[in-house]
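Handing you this structure, nothing more for now.
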Amino acid sequence: MDRRPLYVRESKAAKLMDMNLMQFRNLVEAGALPSPVIFHGLPRWRVDDLAKIVSGTLMDQDFET
């Protein structure tokens, strides 16, 4: 069974992307990384989306609003 979380908070998302928090925030604000989804009232990032960005299967035009 896969024990990887489905959603992570901002600090964990930045760590998964090997960035400091400010770098991560700047890329989210620039639209280079996806914005969070609201999960039970909390902003969270989908781990699968972050993994797809790293692998190149999710491009920024796929999540721009």
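The values are calculated or read from the model by the stated rules, or taken from the named source; none is laboratory data. In this text, all values refer to a predicted model and were calculated from it rather than measured experimentally. Ideal geometry is used to build each Cβ from the backbone, glycine not excepted, and the neighbour counts take in all protein chains shown.
Collect the residues in region 1-31 that are modelled with pLDDT of 95 or more, part of a loop (DSSP other than H, G, I, E, B) and not basic (Lys, Arg), keeping them in residue-number order.
17, 18, 19, 20
Scan region 10-31 for residues that are of a type in the set (A, V, I, L, M, F, W, C) and loosely packed, with under 12 Cβ neighbours inside 10 Å and jot them down.
Answer for region 10-31, where residues must be of a type in the set (A, V, I, L, M, F, W, C) and loosely packed, with under 12 Cβ neighbours inside 10 Å: 22, 30.
Among the residues of region 13-35, which ones are over 19 Å from residue 55 (Cβ atoms) and charged (D, E, K, R)?
Across region 13-35, the qualifying residues are 25, 29.
Within region 33-58, work out how many residues are in a loop (DSSP other than H, G, I, E, B) and either loosely packed, with under 12 Cβ neighbours inside 10 Å or touching a residue at least 40 places away in the same chain (Cβ under 8 Å) (or both).
The number of residues fulfilling the criteria is 4.
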